[in-house]
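Comments concern the structure below.
Quick note: the coordinates plus some simple rules give every number you see, no bench work behind them. These numbers were taken from a predicted model, which means no experiment stands behind them. Reconstructed Cβ throughout: ideal geometry from the backbone, glycine too, with neighbour counts over all protein chains shown.
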Amino acid sequence: MFKNKIFDTHAHYDEEAFNEDRDTLIRQMHENGIGKIINVGADISSSLKSIELARKYDFIYAAVGVHPYDAEHMTEEDYKMLQKCCKSFKVVAIGEIGLDYHYDDHDAEAQKYWFERQLQLCKEAEMPVIIHSRDASQDTFDIIKKSGVRKGVIHAFSGSAELAAEYVKMGFYIGVGGVVTFKNAKKLVEVVEKTPLTRILTETDSPYLSPTPFRGERNNSQNLRYVVEKIGSIKQMDPETVISVTYENAEMLFF
């Protein structure tokens, strides 16, 4: 067990995967090395559930937003609801929002429209943003740059070290989770190697993206110890240093 506690900046404990043991699991977090968690919305329903979790547990905070898959079906009423959610207790970010072109049936124009609108909400609410980008690197970067938003994290970063450096120059953090432990994660390893630790955040995306040796199983925040150890190995640093610096990074961004 590490001396310092780890900050999980991206989790989804509202998901059905946690229905059977959610409360028991969450209540074990502190004794298992987790200090704070941000539960991240992916649509209106999960955003509201994130707020509920933040109200129930003193170490959980909420992010509210609509994921690109669901943004394709967003309405003005949904947007108004997000505006209200921003004012809720312990909401600290807008997210996860962005672009995802992975599947052939995506509506790129609708995604871009609502991405731009939700970035505008970040500016109105003066909140940081949690960005989702999959197979849409250039459009995501261009829209963020044009928006003027300069405070947030690129969640589950999958781009090049050069792109990460450009985001860092813009004021963003790079989210690193279980993927960094995979054997085929050479690109992300290079990103971690070249990105200053002061610009890295630890995250799980629970229940997804479990690190090795639990790849394919349900993820949870306690598995962040494997991510921390891997980052420490890549950067030749003590894991305790990784934990303390990334925790401070998260505090600076979200609070």
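Taking 0.36 nm per intervening residue step and subtracting the Cα-Cα distance, what contour gain separates TYR79 from GLU126 on full extension?
Between TYR79 and GLU126, full extension yields an extra 15.3 nm.
Given points 7 Å out from each Cα along the Cα-Cβ axis, report the LYS56 to THR241 separation in nanometres with one decimal.
Simple spin-label model gives 3.9 nm for this pair.
Shape call for the chain from the C-alpha gyration tensor, a ≥ b ≥ c root eigenvalues: rounded (a/c under 1.5), prolate (a/b greater than b/c) or oblate?
The shape class here is oblate.
Run the numbers for GLU229 and ASP104: contour at 0.36 nm per residue of separation, minus the present Cα-Cα distance, in nm.
Here the answer is 41.3 nm.
Using a 10 Å cut-off around each Cβ, can you sort VAL64, VAL180 from fewest to most neighbouring Cβ atoms?
With the sparsest Cβ surroundings first, the list reads VAL180, VAL64.
Enumerate by residue number the chymotrypsin sites (Phe, Trp or Tyr not before Pro) in segment 1-91 meeting two conditions: DSSP loop (anything except H, G, I, E, B), and at most 13 other Cβ atoms within 10 Å of the site's Cβ.
When the chymotrypsin sites (Phe, Trp or Tyr not before Pro) of segment 1-91 are filtered for loop state and at most 13 Cβ neighbours within 10 Å, PHE89 remain.
Need the full-extension length gain, TYR113 to LYS3, defined as separation in residues times 0.36 nm minus the C-alpha distance. One decimal, nm.
Length gained, TYR113 through LYS3: 35.1 nm.
Hey, got a sec? Which GluC sites (Glu not before Pro) in segment 43-141 land in a DSSP loop and have at most 13 other Cβ atoms within 10 Å?
Those satisfying the criteria are GLU126.
Which FRET efficiency value, to the nearest 0.05, do you get for GLU162 and THR24 by plugging their Cβ-Cβ distance into 1/(1 + (r/R0)^6) with R0 = 41 Å?
In this case the efficiency is close to 0.40.
Please find, in a Gaussian network model of the chain (springs between Cα atoms separated by less than 10 Å), the residue of HIS132, HIS30, HIS12 whose mean-square fluctuation is greatest.
In the Gaussian network model the winner is HIS30.
Along the Cα→Cβ direction, 7 angstrom out, place labels at LYS90 and GLU251. What is the inter-label distance in nm?
For the pair LYS90/GLU251, the computed spacing is 1.9 nm.
List residues of segment 229-255, by number, whose backbone nitrogen lies under 14 Å from a label position 7 Å along Cα→C-beta of LEU197.
What the label zone holds, given the 14 Å backbone N cut-off, is 229-250.
Within segment 83-136, list the trypsin sites (Lys or Arg not before Pro) lying in a DSSP loop whose Cβ has at most 13 other Cβ atoms in a 10 Å radius.
The qualifying sites are LYS87.
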